[in-house]
Amino acid sequence: MSTRHGGTGARGTSPRPRSASASPGWHELASPEGLALLDRIAARQRDGHGVDAISRALRGEGVEPALLAAALTQTGLRAKARAKFGEIAADLLFTRAALEQATRERVADLHAERFRAAGCRSVADLGCGIGAESLALLRAGIAPLPVELDPLTAVFAQHNLAVAAGRLGAAIPGVRVGDAEQLGAEDADGVFLDPARRTAGHSDTRRVASPDDYSPSLRFAFALAERRPTGVKLGPGLDRDLIPDRAEAQWVSVDGDLVETGLWFGATARPGIRRAALVLRGAAAHELTADADAQDAPVEALGSYLYEPDGAVIRARLIGALAQRLDAGMVSGGIAYLTGDRLVETPFASAFRVVEELPAREKDLRRALAARGIGTLEIKKRGADADPAALRRRLKLRGDASATLFLTRAAGRHVALLAERC
């Protein structure tokens, strides 16, 4: 995702951090001098030297302070980036904002596979950030046509693509710098966009009311989707009213973390699928799909087991489809917990055995937990007005036992359910 003027992050609620292009020393990181300095820092780290010792030594050797500060920060970003990019992160360049918003390598590879399956030989990556999606396109044998608004981020993307192309023996794509809506997709076979919100402010979490609240705008993105295979990456909390009827909407979670909503059009969308929940756990991938939102399952009496659906399943509104697989029902209308008397293993939900129902009144609940010696308590809540962190402090937990507490509604009343993970 690119670092754009005043937009918000991937989840659509936080402002983008200030671009590193305003900080001294950062532009020099992509120069031969800057890259050589990064190599020197990495070599000293491998020899066991700490950051403070490295900093003192390099300052003594006359390294310019602004460049040194930028290089040390870049070294830290490279270490963090390994979780998303793997071992190649050690040779790439990042800004803090672009790294936070970059697609994980595994998810980007799945995006690229859609374009490969659609027969695309070139894909315009509009708002390419530091190039995560373009790197995946290169790995898939597809020529990326990247565009990035922020000049420094574009320089870093160009470096990253050169590194990847060198490893793959592929031609190095050129990154165009400018507004994606102005530069367009040229003659690319397909288009990928990662729009940002235009609104800013740490506390601005209002509902997105218009396709024009994004940059590039969703109107622009959806217009491109009328003409060629298109993918649009958005935050997982996307207002569902903005999803066009013709799109396949896929929510993706990685190891329990809900990371994106992907909208797919034309040949990148799969026939007969309009809703999908993709759950990636470790090396495994599991997907629940349907041609529309699933109807919620009937409410049932509390059973021996409680299921907490994965966030992708909840956002895709496929809880009813999951309930059928589990032979389970809803604990209460509008509450995203399922219950049943049979334990069914599933990648789409976490399962808990209900141990007992405890008093919901806080004073009585504290006594009950103390009597059971529970000192470590995971608190989950849906349909209950409670702050788990504050409640945990007030419960004054003591003991060696651990458990999970569900604060929710069942049979129309508030309940506190003591449970253990299956």
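The values are calculated or read from the model by the stated rules, or taken from the named source; none is laboratory data. What you see is a predicted model; the values in this text were computed from it and never measured. So basically every Cβ, Gly included, is an ideal-geometry build from the backbone, and we count neighbours across all protein chains shown. We work out accessible area using only protein heavy atoms, side chains counted, and drop any ligands, DNA or RNA first. Shrake-Rupley method; radii C 1.70, N 1.55, O 1.52, S 1.80 Å.
Over 17 Å apart: what share of the alpha carbon pairs of region 259-374 falls there, rounded to a whole percent? Counting every Cα pair in region 259-374, those more than 17 Å apart make up 61 percent.
Sites listed here are trypsin sites (Lys or Arg not before Pro) in region 379-421 whose DSSP assignment is loop and whose Cβ has at most 13 other Cβ atoms within 10 Å: Lys396, Arg398. In summary, the aspartates and glutamates within cross-link reach of Lys381, defined as a Cα separation below 12 angstrom excluding same-chain residues under 8 places away, comprise Glu308. Taking other residues whose beta carbon is less than 12 angstrom from the beta carbon of Ala371, and scoring Lys, Arg as +1 and Asp, Glu as -1, yields +2. Across the chain, Cα-Cα pairs more than 37 Å apart make up 36 percent of the total. Note on region 354-417: Kirkwood hydrodynamic radius from all Cα pairs is 11.7 Å, rounded to one decimal. Charges were assigned to the Cβ only: +1 to each Lys and Arg, -1 to each Asp and Glu. The resulting dipole of the chain about its Cα centre is roughly 1220 debye. Please give the FRET efficiency for Arg240 paired with Ser304, using the beta carbon to beta carbon distance and R0 = 35 Å, rounded to the nearest 0.05. That gives a FRET efficiency of 0.55.
Counting Lys and Arg as +1 and Asp and Glu as -1 over every other residue whose Cβ lies under 12 Å from the Cβ of Ala336, the net charge comes to +3. With all protein chains in place and a 1.4 Å probe, the accessible surface of region 101-253 carries 50 percent carbon and sulfur. Placing pseudo-labels 7 Å out from each Cα toward the beta carbon at Arg281 and Arg227 gives an inter-label distance of 4.4 nm. Length available on full extension from Asp187 to Ala171: 0.36 nm per residue minus the Cα-Cα distance, which gives 4.0 nm. When the surface is traced with a 1.4 Å probe over the full set of protein chains, Glu33 keeps roughly 120 Å² accessible. Subtracting the Cα-Cα distance of Arg361 and Leu343 from 0.36 nm times their residue separation leaves 3.5 nm of extension gain. Helix-only arithmetic for the chain: the sum of -39500 (n - 2.57) across DSSP H runs with n ≥ 4, divided by the residue total, places the mean residue ellipticity at 222 nm at -9500 deg cm²/dmol.
Evaluated with a Cβ-only charge set (Lys, Arg +1; Asp, Glu -1), region 231-307 carries a dipole of roughly 260 debye about its Cα centre, given to the nearest 20.
Solvent exposure of the chain, expressed per residue, is 44 Å² of accessible area, with all protein chains present and a 1.4 angstrom probe.
Within the straight-line cut-off of under 17 Å between alpha carbons, the lysines reachable from Lys233 are Lys84, sequence neighbours fewer than 8 places apart in one chain being disregarded.
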